[in-house]
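Values quoted throughout were computed directly from the atomic coordinates according to the rules given, and no laboratory measurement underlies them. Remember, predicted model here, so these are calculated numbers, not experimental data. As a convention, Cβ positions derive from the backbone with ideal geometry for all residues, glycine included, and neighbour counts pool all protein chains shown.
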Amino acid sequence: MPYKFYHGRTGKVFNVNPRAIGVIMNKLVGNRIIAKRIHVRVEHLRPSQCRAAFVARIQTNDAKKTEANKAGKPISTKRQPGTPEAGFAVAKQTVQFQNPQAFRECF
């Protein structure tokens, strides 16, 4: 098992052996970042999912482009910033006062 510092970290594969995979990871040591090479067994690794959303967006954009080309209309596949949320009015409520109570000694 890899040392606890490396749990949850991502890296690049540099070597594949029969029982382990070599991975290059960055580690902060003092005020510098060092590229560390460690060998980890296959059961402790999993493929990164960071490109899944990107690949899905490419596929949907390609489908949109083919539909737009068939219809003969231009289309923009660029990502747009989110619009502001719609405003609403807060219902008026009665004010509830909390007056301080007199101090009582418990002796």
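Side notes on the structure shown:
- Taking each residue of region 6-30 that is touching a residue at least 12 places away in the same chain (Cβ under 8 Å) and within 11 Å of HIS44 (Cβ to Cβ) and looking for partners that are assigned to a loop (DSSP other than H, G, I, E, B) and hydrophobic (A, V, I, L, M, F, W, C) with beta-carbon atoms closer than 8 Å, six or more apart or interchain, yields ILE21/LEU45; VAL23/LEU45.
- Region 75-98: number of residues that are of a type in the set (S, T, N, Q) and surrounded by 10 or more Cβ atoms within 10 Å (Cβ to Cβ): 1
- Qualifying residue in region 66-74 (condition: loosely packed, with under 11 Cβ neighbours inside 10 Å, touching a Lys or Arg at 6+ places or on another chain (Cβ under 6 Å) and not in a helix (DSSP H, G or I)): no
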